[in-house]
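Reading through the structure tokens given below for one structure.
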Amino acid sequence: MLVTFATCAEFTLFFLGLGLLWRLVLSPAARARKIPSPIPKWDVPLIDFLLFLWFVLVGGFVGQFLTLGILPWVGSATANTRVIVAGAGFQGGMLAGCLLFRWGPWFRRSAAPTWTREPVSILLAGIITFFIAMPLVVITSVAWHFVLDRLNINATPQDLFDIFGSAKSPAPIIVLIIIAAIIAPWSEELIFRAGIFRYARGRLPRWAALLGPACLFGALHQNLASFVPLVVLGVIFSIAYESTGSIAVPMVAHALFNLNSILLFYAGVPN
């Protein structure tokens, strides 16, 4: 019963997303609208951008080291628990690196990513972005798995789904949901959209500025089965940020996408 309900809900999301995609993106009226992006060029020297990346990477590894090395109970924990702790530490460390870079004396205040919209408007735009992303990601995922099957490549789902399935207590599940719905959308959107994409879009052809950060975003998840769908998702998030001028919009869409994947897993619907 639950599987049937979840499948019907996904079909509804799929066709609703197709309708919004046509109306807001692909229709003649939508394509005729030429609205300049409200995002200003991130006009900083290359050294500043490299410093940003350094803060992010070092923050991730330091966060992972601290969570695995300092917490006394981690050494005797299960392998799945250590994976959760390592992932939380890495995501939290990357977010801390972003914030340290943002608050440091080296940061040029005019280069801060903008929010620009009221909370209700941000929420609505994020929901619409999520709806539009769903059919594109589903179609891409089906095509990508078809290619992998033809190449006789056995691509398994992300390890996090194994952790969800094998969890014996609610604690690791709660931690994973917090990571998926709050920490990961916040840190990854600041890094890949407000950081790398915003820097690249004023210096590279638009297709390269969209595709480059999206490929890095997909590679971060270290899973071949989800790589191409995540690249498509990353491109959609960049376009949403570029179109709205608010980094909070792809954050909302990212959180909804992750929560939807978790709900599908628990409903028994294959991702």
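The values are calculated or read from the model by the stated rules, or taken from the named source; none is laboratory data. Just so we're clear, the structure is a prediction, and the values are computed from it rather than from any experiment. Positions of Cβ are generated from backbone atoms using ideal geometry, with glycine treated the same way; all protein chains shown enter the neighbour counts.
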Qualifying positions in the range 31-45 - outside any helix (DSSP H, G or I) and either of a type in the set (D, E, K, R) or closer than 16 Å to Ala200 by Cα (or both): Arg33, Lys34, Ser37, Pro38, Ile39, Pro40, Lys41, Trp42, Asp43, Val44, Pro45
Subset of the range 20-30 (residues that are part of a helix (DSSP H, G or I) and under 19 Å from Phe131 (Cβ atoms)): Leu20, Leu21, Trp22, Arg23, Leu24, Val25, Leu26, Ala29, Ala30
Within the range 76-98, track down each residue that is modelled with pLDDT of 70 or more and among the polar types (S, T, N, Q). Gln91
Matching residues in the range 99-132 - criterion: being modelled with pLDDT of 90 or more, buried (at least 16 other Cβ atoms within 10 Å of the Cβ) and not small (Gly, Ala, Ser): Ile128, Thr129, Phe130, Phe131, Ile132
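Give the residues of the range 26-39 that are in contact (Cβ under 8 Å) with a residue 40 or more places away in the chain and loosely packed, with under 15 Cβ neighbours inside 10 Å, sorted by residue number. First the steps, then the outcome.
Our first condition is that a residue be in contact (Cβ under 8 Å) with a residue 40 or more places away in the chain; within the range 26-39, this holds for 35, 37-39.
Ile35, Ser37, Pro38, listed by residue number.
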Assess whether Gly63 counts as being farther than 30 Å from Phe15 by Cα, small (Gly, Ala, Ser) and either modelled with pLDDT of 90 or more or outside any helix (DSSP H, G or I) (or both). yes
Criterion first (touching a Cys at 6+ places or on another chain (Cβ under 6 Å), closer than 20 Å to Cys98 by Cβ and in a helix (DSSP H, G or I)) does Leu216 satisfy it? no
Cβ-Cβ under 8 Å, sequence separation 6+ or interchain: first residue in the range 191-218 and assigned by TED's automatic domain parsing to the domain that holds Leu95, partner among the hydroxyl-bearing types (Ser, Thr, Tyr). Which pairs? none
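Being of a type in the set (Phe, Trp, Tyr) and more than 17 Å from the chain's Cα centre (by Cα) narrows it down to one of Phe237, Phe265, Phe227, so name that one. Steps first, please.
Details: Phe237 fails: more than 17 Å from the chain's Cα centre (by Cα); Phe227 fails: more than 17 Å from the chain's Cα centre (by Cα).
Result: Phe265 is the single residue among Phe237, Phe265, Phe227 that is of a type in the set (Phe, Trp, Tyr) and more than 17 Å from the chain's Cα centre (by Cα).
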Evaluate the following for Ile153: is it assigned by TED's automatic domain parsing to the domain that holds Gly17, at pLDDT below 95 and in a loop (DSSP other than H, G, I, E, B)? yes
